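Note sheet for the following structure.
The values are calculated or read from the model by the stated rules, or taken from the named source; none is laboratory data. Fair warning: this is a prediction, and the values are worked out from it, not measured in the lab. Glycine also receives a Cβ, built like all others from the backbone with ideal geometry; neighbour counts cover every protein chain displayed.
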């Protein structure tokens, strides 16, 4: 990967997302995690439970050669859970019963049956389905639900398939996926700073922010207004991704100094909300 | 459009979305609205404030020829608001100052200046920028903020560009955009039903749901589990989109009858949560 920050794309899969029945909180959670590790999410999409659509999107993503592609959703026992079939088609890695994954699923249903949560631990076809992984994949233990996550290393990109239930998704990322993430991201860094500015008129700040953006193109500068008015204060976000956390922090600090100077010159007060 | 439901794609634009700093609630809101009108959202994406990325995505969407493409975000006065530039490049419709849009922006800043919310009503370059629309576009009045929305009719697709601030986005859709949506969607219909089922084991329900799905492919059937257990009940969503609301309702009702029969045969109790 050299010194440029690892790139990622994220696909959240499920018809319920495109019907607006469920708000996808997995993507922002993964975005924050990856930004915090020093990565850069280039693109995210919500996709229906349609093998051909998912396949086409994955093929498009793999052509762009990001370091990581995450999917969430579509790993469960029912026929409408089709993510891994789409992965198999997009990567040419046919689905095979993975012995370790089957063991994970079997152990889960034995526990559930022992606790009286399911009638029988029998590995019915829908349960076995959750152990069908693309050739060459590594299962990631799911301590909350039944379907293991999937890590599939490909030539340029590593594909990481996670369940759609947020608790399961997070438990896998914070558990079985952690060693992989640590090895992949090394000590790349991200820094962020939020400011409140005593100015309700974004158009007045625009030229000032543009000047600083030109001076420091590596820093991402964003203002956000929710309303106009004399009592309204704008929020300004400064963030940077760099090979190390120290470099990222130094870039953000430099942008802050420039910004505070310019604001002071215009008689605009500002306040730092938080450092990240 | 004939009798098939209008299709849509949605792009939410803003680096802050891919950093996970802001959760995109605009897309689910638009998805629910469009589903309720009888439309079908095929795909949604989160994109960075990068003209070339947005342009490529819009070009890809236009090749798929959905009836509607929505964008949210990137219409404001600052240089990082780049949505309309990307639209201009993707559609070959250069940006031009639109007299009616300029009037809207001017009126907004006159009101704001009169109320003391901004120092002057002067049409500075950042303010004028909000009146630069792609050739052939119609501005949509924004009663909450300064940047008008944009309606751009193209050969196969109508492009609708909305601000990213949720209050502004909703105000435009529920105001200036409503006559267009009514004329476009006619009386196409959507129906939905949610059930609670006394069964915590999704894998037990899977074969039963698959049978009903095969009998009624027009109905979208989805089960959702958040946990296992004897006290846990699964949620089942039945929904359908059809040329009229009556037809959509009849399809969902037929699926409900089949499902209740099958559940009763297996001794599983169920309860209807709501009809939509």
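Which of (1) over 18 Å from the mean Cα position of the chain (by Cα); (2) within 30 Å of residue A:22 (Cα to Cα) is the odd one out, the single condition residue A:93 does not satisfy?
Status for residue A:93: all satisfied but (2).
Would you pick out the residues in the stretch B:240-257 that are within 15 Å of residue B:196 (Cα to Cα) and either buried (at least 17 other Cβ atoms within 10 Å of the Cβ) or under 26 Å from the mean Cα position of the chain (by Cα) (or both)?
Residues satisfying the conditions are B:255, B:256.
So which residues in the stretch A:77-120 are in contact (Cβ under 8 Å) with a residue 40 or more places away in the chain and loosely packed, with under 15 Cβ neighbours inside 10 Å?
A:94
Go through (1) surrounded by 24 or more Cβ atoms within 10 Å (Cβ to Cβ); (2) touching a residue at least 24 places away in the same chain (Cβ under 8 Å) for residue B:65 and report which single condition fails.
It is condition (1) that residue B:65 fails.
Every residue in the stretch A:5-20 that is over 21 Å from residue B:22 (Cβ atoms) and without any contact (Cβ under 8 Å) to a residue 60 or more places away in the chain, please.
Passing the criteria: A:16, A:19.
Tell me, which helices (runs of 4 or more DSSP H) lie completely within the stretch B:168-276 with 2 or more residues that are in contact (Cβ under 8 Å) with a residue 24 or more places away in the chain and within 14 Å of another protein chain (Cβ to nearest Cβ)?
Passing ranges, in order: B:202-215, B:245-265.
So residue A:154 clears everything in (1) more than 24 Å from residue B:206 (Cβ to Cβ); (2) surrounded by 22 or more Cβ atoms within 10 Å (Cβ to Cβ) except one condition, right? Which one?
It fails just one condition, (2).
Go through the stretch B:237-276 and count every residue that is touching a helix residue (DSSP H, G or I) at 6+ places or on another chain (Cβ under 7 Å), within 30 Å of residue A:114 (Cα to Cα) and modelled with pLDDT of 90 or more.
2
How many residues does the stretch A:1-43 contain that are part of a loop (DSSP other than H, G, I, E, B) and under 30 Å from residue B:40 (Cβ atoms)?
Of the residues in the stretch A:1-43, 8 are part of a loop (DSSP other than H, G, I, E, B) and under 30 Å from residue B:40 (Cβ atoms).
So which residues in the stretch B:10-56 are buried (at least 24 other Cβ atoms within 10 Å of the Cβ), more than 9 Å from chain A (Cβ to nearest Cβ) and under 19 Å from residue B:220 (Cα atoms), if there are any at all?
Within the stretch B:10-56, B:39 is the sole residue that qualifies.
Where residues in the stretch A:138-151 are touching a strand residue (DSSP E or B) at 6+ places or on another chain (Cβ under 9 Å) and not in a strand (DSSP E or B), which of them is surrounded by the fewest Cβ atoms within 10 Å (Cβ to Cβ)?
This residue is A:141.
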